Amino acid sequence: MNREPDAGGPGDLTPEALAELEELVRLRLGGRVREFRLSIRDAGLVLRGRAQSHHAKQLAQQALMDLNRAPIRSNEIEVCDCRFPVP
């Protein structure tokens, strides 16, 4: 999955490309955000999932910005006091 950052907007993302982008972000996060997923809303991207810290939530957003130039409409990653199993 070697991929250059995408210069296009979310309208240019096929379902397959969105899934690939989601997987690339997930790999960069190294398990810091559980149930991570991306969707498209209002011509922008929405991040969802669960994280133990605001830092992990920010890392997810930064990873997405590094990989794709489409606007981020919302970072809806929930920061919770949940305990994730050790990978």
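The values are calculated or read from the model by the stated rules, or taken from the named source; none is laboratory data. Nothing here was measured: the structure is a model prediction, and the numbers come from that model. When we count neighbours, we look across all protein chains shown, and the Cβ atoms used for this are built from the backbone with ideal geometry, even at glycine.
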Point to revise | Long-range neighbours under 9 Å by Cβ, at least six apart or interchain, first residue in contact (Cβ under 8 Å) with a residue 12 or more places away in the chain and on the phi < 0 side of the Ramachandran plot within the stretch 61-75, second part of a strand (DSSP E or B) and acidic (Asp, Glu) | key: 67/6; 68/6; 69/6; 70/6
Review point. What number of residues in the stretch 39-61 are part of a strand (DSSP E or B) and surrounded by fewer than 16 Cβ atoms within 10 Å (Cβ to Cβ)?
Key: 3
Check your understanding: Which residues, counting only those in the stretch 28-44, are acidic (Asp, Glu) and at pLDDT 95 or above?
Key -> 35
Check your understanding: What number of residues within the stretch 15-38 are part of a loop (DSSP other than H, G, I, E, B) and surrounded by 14 or more Cβ atoms within 10 Å (Cβ to Cβ)?
Key -> 1
**Study point:** Residue tally, condition among the basic types (Lys, Arg) and over 16 Å from residue 15 (Cα atoms), over the stretch 29-47
**Key:** 2
